[in-house]
Amino acid sequence: MRGVLWVASSTLCGIATVVVFQTLDFSPAGASHRLVDVSIAIVTLPVAACGLYLAVLGLRWIGLAAWPGSVGIIATNDELSLLLGPFGTKRFDTAQLDLKYAFELSADEDEGGFESFLPEEEQMAKFLPRMLHPSTKDRIDPMLLKFAQRPEAEVARSLRPAFDKWRSKTS
């Protein structure tokens, strides 16, 4: 679905670019306004570039849907692997993985949101912990949700045994 939406947006940008460029006349005739046409072309180029970017993004998502190899999230005792097809493969050593639920975050970190007021067991059952790893500057938990395409509570429930093992190893 994401791929179709990105490609549709790309198509709209492409159509707008083609329509604008068809009206431009760069010939050096006395009646033409070459400078105006060049200016319009320059202003339209970002729309064309945006269309190309959206096309690549859409094709990556379509490629993920049609990927011939294994795609998924694999949690073992020593490694969290994200096999994301055209988006690449990411592997995280669980010994270096920093897992913290909202109730474990200090007030200074301010990432808990409303979840930090829920009972601890409910947080662990319904939400993913904040997941950080030294090999990436981005948080891992939003990435899991983005590619899992399941409700957070379902993803948290399926990964909970792995989280408990990983947390017990670092404690």
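Here the chain exposes an accessible surface that is 62 percent carbon and sulfur, computed with a 1.4 Å probe and the other protein chains kept in place.
Cross-link partners for Lys126 among the lysines, with Cα-Cα distance under 23 Å and sequence neighbours closer than 8 places in the same chain left out: Lys100, Lys146, Lys165, Lys169.
For the chain, what is the mean residue ellipticity at 222 nm derived from helices alone (per DSSP H run of n ≥ 4: -39500 (n - 2.57); sum divided by total residues; nearest 500 deg cm²/dmol)? Mind showing how you got there, number by number?
On the way: 5 runs with 88 residues, N = 171.
Helices in the chain give a 222 nm mean residue ellipticity of -17500 deg cm²/dmol.
For the range 78-93, backbone phi angles converted through the Karplus equation (6.51, -1.76, 1.60; θ = phi - 60°) give residue-by-residue couplings of 10, 8, 10, 10, 10, 9, 10, x, x, 8, x, 10, 10, 10, 10, 5 Hz, Gly and Pro being listed as x.
Mind giving me the FRET efficiency for Thr11 and Asp78? R0 is 30 Å, r the Cβ-Cβ distance, nearest 0.05 is fine.
0.10
Heavy-atom accessible area, probed at 1.4 angstrom with all protein chains present, ranks Ile42, Ile62 as Ile42, Ile62, highest first. Build a GNM of the chain with springs between Cα atoms under 10 Å apart, and of Ser81, Ser27, Ser70 the one that fluctuates most is Ser27. Apply the membrane-span-like helix rule to the chain: whole DSSP H runs, Cα extent along the own long axis of at least 30 Å, mean Kyte-Doolittle hydropathy at least 1.0. List the helices found. Span-like helices, by this rule, are 2-23, 34-65. Looking at Ala125, Leu82, Leu159, which one has the Cα that reaches farthest to the positive end of the dipole of the chain (charges on Cβ: Lys, Arg +1; Asp, Glu -1)? Working it through, the farthest residue towards the positive pole turns out to be Leu82. Averaged per residue, the range 2-52 has 68 square angstrom of accessible surface, using a 1.4 angstrom probe with ligands and nucleic acids left out.
The values are calculated or read from the model by the stated rules, or taken from the named source; none is laboratory data. Note that the structure is a prediction, hence the values are computed from the model and not measured. For neighbour counting, all protein chains shown are included, and Cβ atoms are generated from backbone atoms with ideal geometry for every residue, glycine included. Heavy atoms of the whole protein, side chains included, go into the accessibility calculation; ligands, DNA and RNA do not. Shrake-Rupley method; radii C 1.70, N 1.55, O 1.52, S 1.80 Å.
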